[in-house]
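One structure is given here, and the rest of the page talks about it.
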């Protein structure tokens, strides 16, 4: 049998091999050498005070093991998980806070390089926030929107502004179980407090704060960030782009933006395409400037400008190892400090830009929104100046794949009916008719502890074959993009017969790239729109929909998974469970949460089991909604023929019963 | 696949945009940008642009603005490979196409090229469909006589197939619009070659020779939402939901498709109208913009109509008597000219009458048709003329004497709906013809009885258990029975005259229009008939007996809250519950305070003229100006849609001569202006009412369009003749 490669991407695998041959260490090698601590891995290690660390292991640990303070395994595991949620929420939300501050600065005219690009989106957001917008100057509206969002971070009582965007029933569940978030910072602080030594010890009670904190992430930090980014830089719509390492050009300056924040990257996009800079690049012997992205900063500029992406998290070292990257800017989150050391072996300059993040060995060019253009120019010049230092050293890869990205909530609504008939009716209809079996959010990181991106690829292939529509974000999107799945042709060649018909009717790939990991908020609003459209569940819970993060590694993924669970989506995370040591905690997060919220958080390392669980969740949801049983290739609208009497009753029947749902006189077969 | 359709739709939107732009620039160069345009007889400007955007196109400059809106909806064609999504873009392009087509047709009107004329046959098409026709058809749209609409675009493979498809649609009561061509031929030409009678009366309306002319049908359907639906201009979501849920239209595309057909189709899909093609085209099955499939193919012409019904979600139940010719409302409008006539009855040529009698159960042999007379067969075979007395004996446990007149009034439709049979008048002034073609197809005299027998059962199944028809053909019998019938007619009229609002404790609602006007409720009392003129109190009473859960429901008047204004507790309660919350209270006898709402298909409008201290009356179809400064079409726009508009009201013509007409406002004395046409129509009854009211010369004092079309002239006239309204209490 062939040796199993470390990445499911051929290009990545080739670079890894090249690196190994040149004795260059990467996360793949480190992951092999450094086994996970078996106690910490399953959540049985408590290190919240210095009486410990305590390891709660041994026979019947669940019942018998105690920490020095007497904390049980369930307490410890729950505390660990809640702290991960708090960490993830802090990450997204601090990013969102910066977005809000940038919007405020732009509106007040102190950040001259930024402006409101998408006025329509601004008005939509203002409308949701209850801010008057008609007849007012755009910047006044923008300022009020920014200030209103900023309130969300420091609010002590009440509820987040965006809680009200959730379906009524979903909110009722939050109210009933006390998990409607108040202020973002407050929830994170309270989570940290309650998990510190000697405070909250009941697993269920602890996890409840985990849910509330996670909701502050989803309906707070993430959603705020997505909306402000759309307002400042435009709401994405479909565009063609490319991915993988072949996007690097031999004869141009290759500048990579890596990390998670869009603000500086947006300005770099602008600066790198300016005539001055291109001229400057030419003066240094390059034919031009080639901007590329990595991780989620890549997704941000990919979604809005079609800037090509060199891939997700595990590609960052490999990118440098191509020897073609003249400069790589990094901001925050998911940046391996290893790249600075690695870059020393090549000519690549790693440039840290966030005031929050420095890496030993990297050049620091600090960015602030008031001097964005200057910073961007400095960075682009550094990249250009470094171009002449490029050597032939590196694993030059030319393979790249095309993709279609840019599926915002707004465009997804538009694509189902155009300007006049935009809605989610076709999607709901397709699910009701059995053309689409269900919807999966295939999201999250890629991870060197497995064959990187392989589980994404496996699940994507199997799910679309089973007529499941996929929405993806973050490194999940990068995995699918690099694999070549984000093309409309994929639907024709590989999707099940029903999904294929829908994709063909609209002209979409079977996997819709929604943006960066922070844009998982788009999935929340899409699910809400589906609930409002009618015919499926009237809340997010109960939809034939599942979230999967098969290769997750970041705390942010845990925060995201948890906010989906709290919103009513069953979530399956890959890998071993970080609370696996406690059956009690696992039970709360699956059975108890499902009963309360119709969501759950599972951990399952076996890809085949993930697939089976997903399809089972979807089919059970269909059954509960009394939708026709999914059978591949057999579908059709339940047809109700209307006579005059039936038409007179239209107004009286709730939600305009023109759409079927009952009866059914014939089935069509494709 | 769908991409082919989207590409075609997008391409055509660009080319139509260019055409519209060139034509418009030329028109502006020639006539100036302020040149005023309106389609004939509409209050809705360019109706589609107006409904979608609320922008009223009044001049060529406005047209330019509308065209720019279309430009914003243009998109790039999807790429060969790695295409971006195209459905939303194709639908937008379709709407752009409709905007451009509306502008192109408007410009063709300016150039005098519309209505279109067939260059080969000289046939003149219908062109733009007026508001008047729309309102005339109102009641048919809701009572099941016109349950759906087919736009046939192109040409059938041969003339016979064209006729077959059209006949099938007619038999199913579907209103048919014809447009476009295929392979140099069109269904219009095919039908003309087969001598099929075209026009509104036969449910076949040729709109024009090009695909673009289909827009007239779409323009018409979007106005249903404005007129009957009460949806506001610019509320495009409401309009498109209305057309999707309530206007059961679809396209039958016969022959090959070109870009313009696809693009017009994409525009129509926005409105929820699918296309069914008879060629091997790509299909779009997933649902959601339309209720079911968006594009479907059916290569078998024998199945295409049925398939279209399924795709549109349309249910049509047709009841047809066992006769050898086609049957249905679509054949009602056919005329039989003298040279096509085989035989006729009545019409002052021979004695004839029709009479429905209530009998005891045992006196009636159900289903029996008796022919009485000498040498009937021979005389019939000879053609020409014959006397005819029709006596219909009915029996039923729920039959009431009052229903005789109602059953009798349907005899006209019973006969007229048969292809090749023609009927006019009623009672003893009846006139009937049978065409040569119908005779050739096997229509016998007995069939006249068969038709009445079957249809009386069908229409009145809940009140009629047995029906027997006797036909008399000898002059002596006819004259003798006619006298008996006349005595009954007189007795009936007398009884009806005594029927007042005070004499009954129950009124009836008419909710038929709620299929189109969801919040409108007609309250029908003995002295106030429905505003469409089609239903009086007895009709609704019978209709309730026939179908206790149907569109006519009893309203217990309950406590009198205001006898003068005509307000009852029971009526208010009923309205609250049944008008979707739109109406809280109703005064039946005044126009000033909580007057009756309208669906949109009123026969005429009463409108207050404050300066004259009175009201004016204008009927549907009057195209001239009125003293309130609005034409009927504009005025109608302010009255319909199920809202109460004090000072404005839609009514049935016969209400004018009711004692309860504006009773609380001073009655007929308030009428200061009325069209000549109306004056003539109601003269006889109106004069009687004038005498009752002690103003015998009132009719002469009422102005009409020959003396005044504005309020200034009107006042002059009223003063000069000393109209009583000027002396009455102020209306406000």
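Residue B:218 passes every criterion in (1) buried (at least 24 other Cβ atoms within 10 Å of the Cβ); (2) within 17 Å of residue B:130 (Cβ to Cβ); (3) away from chain A (no Cβ under 14 Å) apart from (3).
Could you say which residue among B:82, B:74 is touching a strand residue (DSSP E or B) at 6+ places or on another chain (Cβ under 8 Å), within 14 Å of chain A (Cβ to nearest Cβ), in a loop (DSSP other than H, G, I, E, B) and under 21 Å from residue A:418 (Cα atoms)? That would be B:82, the only listed residue that is touching a strand residue (DSSP E or B) at 6+ places or on another chain (Cβ under 8 Å), within 14 Å of chain A (Cβ to nearest Cβ), in a loop (DSSP other than H, G, I, E, B) and under 21 Å from residue A:418 (Cα atoms).
Just one of (1) closer than 23 Å to residue B:563 by Cβ; (2) surrounded by 16 or more Cβ atoms within 10 Å (Cβ to Cβ) fails for residue B:728. It is (2). Scanning the range A:379-395 for residues that are buried (at least 16 other Cβ atoms within 10 Å of the Cβ) and closer than 16 Å to residue A:290 by Cα yields a total of 10. Here is a check on your reading of the model: is residue B:473 over 22 Å from residue B:410 (Cβ atoms), touching a residue at least 60 places away in the same chain (Cβ under 8 Å) and more than 14 Å from chain A (Cβ to nearest Cβ)? It is true that residue B:473 is over 22 Å from residue B:410 (Cβ atoms), touching a residue at least 60 places away in the same chain (Cβ under 8 Å) and more than 14 Å from chain A (Cβ to nearest Cβ). Is it the case that the range B:107-130 has a residue that's away from every other protein chain (no Cβ under 14 Å), closer than 30 Å to residue B:531 by Cα and touching a strand residue (DSSP E or B) at 6+ places or on another chain (Cβ under 9 Å)? Yes: one or more hits. Among A:3, A:35, which is assigned to a loop (DSSP other than H, G, I, E, B), within 25 Å of residue A:397 (Cβ to Cβ) and modelled with pLDDT under 95? After applying the criteria, what remains is A:3. Taken together, the residues in the range B:604-630 that are out of contact with any strand residue (DSSP E or B) (no Cβ under 6 Å at 6 or more places or on another chain) and either modelled with pLDDT under 90 or surrounded by 19 or more Cβ atoms within 10 Å (Cβ to Cβ) (or both) amount to 5.
Going by what's in this entry, would residue A:286 be described as touching a strand residue (DSSP E or B) at 6+ places or on another chain (Cβ under 6 Å) and crowded, with 24+ Cβ neighbours inside 10 Å? In short, no.
For the residues B:148, B:199, B:229, B:234, the requirement of being within 24 Å of residue B:288 (Cα to Cα), under 17 Å from the mean Cα position of the chain (by Cα), surrounded by fewer than 24 Cβ atoms within 10 Å (Cβ to Cβ) and in the same structural domain as residue B:95 (by TED's automatic domain parsing) singles out B:148.
Residues that are crowded, with 20+ Cβ neighbours inside 10 Å, touching a residue at least 40 places away in the same chain (Cβ under 8 Å) and in a helix (DSSP H, G or I) within the range B:661-690 comprise B:663, B:665, B:669, B:670, B:678, listed in sequence order.
Residues in the range A:421-433 include at least one that is without any contact (Cβ under 8 Å) to a residue 40 or more places away in the chain, within 14 Å of chain B (Cβ to nearest Cβ) and more than 30 Å from residue A:281 (Cα to Cα). Just one of the listed residues (B:389, B:442, B:367) is assigned to a loop (DSSP other than H, G, I, E, B) and closer than 25 Å to residue B:484 by Cβ, namely B:367. Note on the range A:393-419: residues that are without any contact (Cβ under 8 Å) to a residue 24 or more places away in the chain and either more than 7 Å from chain B (Cβ to nearest Cβ) or more than 25 Å from residue A:636 (Cα to Cα) (or both) amount to 1. Restricting B:313, B:367, B:389 to those that are modelled with pLDDT under 95, farther than 21 Å from residue B:419 by Cβ and in contact with a strand residue (DSSP E or B) (Cβ under 6 Å, 6 or more places away or on another chain) reduces the list to B:313. Any residue at all in the range B:419-428 that is at positive phi, at pLDDT below 90 and buried (at least 19 other Cβ atoms within 10 Å of the Cβ)? Checking the range B:419-428: at least one residue is at positive phi, at pLDDT below 90 and buried (at least 19 other Cβ atoms within 10 Å of the Cβ). Go through the residues of the range B:57-69 one by one and say whether even a single one is touching a residue at least 12 places away in the same chain (Cβ under 8 Å), within 14 Å of chain A (Cβ to nearest Cβ) and within 30 Å of residue A:412 (Cβ to Cβ). Yes, the conditions are met somewhere in the range B:57-69. Can you name the residue in the range B:504-526 that is surrounded by fewer than 24 Cβ atoms within 10 Å (Cβ to Cβ) and assigned to a strand (DSSP E or B) and, of all such residues, is nearest to the other protein chains (Cβ to nearest Cβ)? Selected residue: B:509. So, residue B:600, is that one on the phi > 0 side of the Ramachandran plot and either in a loop (DSSP other than H, G, I, E, B) or crowded, with 23+ Cβ neighbours inside 10 Å (or both) or not? Considered against the rule, which asks whether it is on the phi > 0 side of the Ramachandran plot and either in a loop (DSSP other than H, G, I, E, B) or crowded, with 23+ Cβ neighbours inside 10 Å (or both), residue B:600 comes out as yes. Checking each residue in the range A:26-71 for being closer than 16 Å to residue A:578 by Cα and surrounded by 22 or more Cβ atoms within 10 Å (Cβ to Cβ) picks out A:42, A:43, A:44, A:46, A:56. I need the full set of residues from the range A:614-643 which are at pLDDT below 80 and either over 22 Å from residue B:284 (Cβ atoms) or within 7 Å of another protein chain (Cβ to nearest Cβ) (or both), in order please. Result: A:637, single match.
Yes or no, residue by residue, for (1) within 14 Å of another protein chain (Cβ to nearest Cβ); (2) part of a helix (DSSP H, G or I); (3) surrounded by fewer than 23 Cβ atoms within 10 Å (Cβ to Cβ):
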site: A:199; (1), (2), (3): no, no, yes
site: A:204; (1), (2), (3): no, yes, yes
site: A:211; (1), (2), (3): no, yes, no
site: A:224; (1), (2), (3): no, yes, no
site: A:228; (1), (2), (3): no, yes, no
site: A:232; (1), (2), (3): no, yes, no
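For the criterion of being in a helix (DSSP H, G or I), surrounded by fewer than 23 Cβ atoms within 10 Å (Cβ to Cβ) and within 14 Å of chain B (Cβ to nearest Cβ), residue A:492 passes. The criterion of being out of contact with any strand residue (DSSP E or B) (no Cβ under 9 Å at 6 or more places or on another chain), at pLDDT 95 or above and surrounded by fewer than 24 Cβ atoms within 10 Å (Cβ to Cβ) holds for residue A:584. Would you check if there is a residue in the range B:85-106 being more than 14 Å from every other protein chain (Cβ to nearest Cβ) and at pLDDT below 95? Looking through the range B:85-106, none of the residues is more than 14 Å from every other protein chain (Cβ to nearest Cβ) and at pLDDT below 95.
In the range B:299-310, the residue that is surrounded by the fewest Cβ atoms within 10 Å (Cβ to Cβ) out of those that are within 14 Å of chain A (Cβ to nearest Cβ) and touching a strand residue (DSSP E or B) at 6+ places or on another chain (Cβ under 7 Å) is B:307. One residue alone among B:317, B:291 is assigned to a loop (DSSP other than H, G, I, E, B), surrounded by fewer than 24 Cβ atoms within 10 Å (Cβ to Cβ) and at the interface with another protein chain (Cβ under 9 Å from one of its Cβ atoms), and that residue is B:317.
The values are calculated or read from the model by the stated rules, or taken from the named source; none is laboratory data. This is a predicted model, so every value here is computed, not measured. FYI the Cβ positions are ideal-geometry reconstructions off the backbone, even for glycines, and counts take in every protein chain you see.
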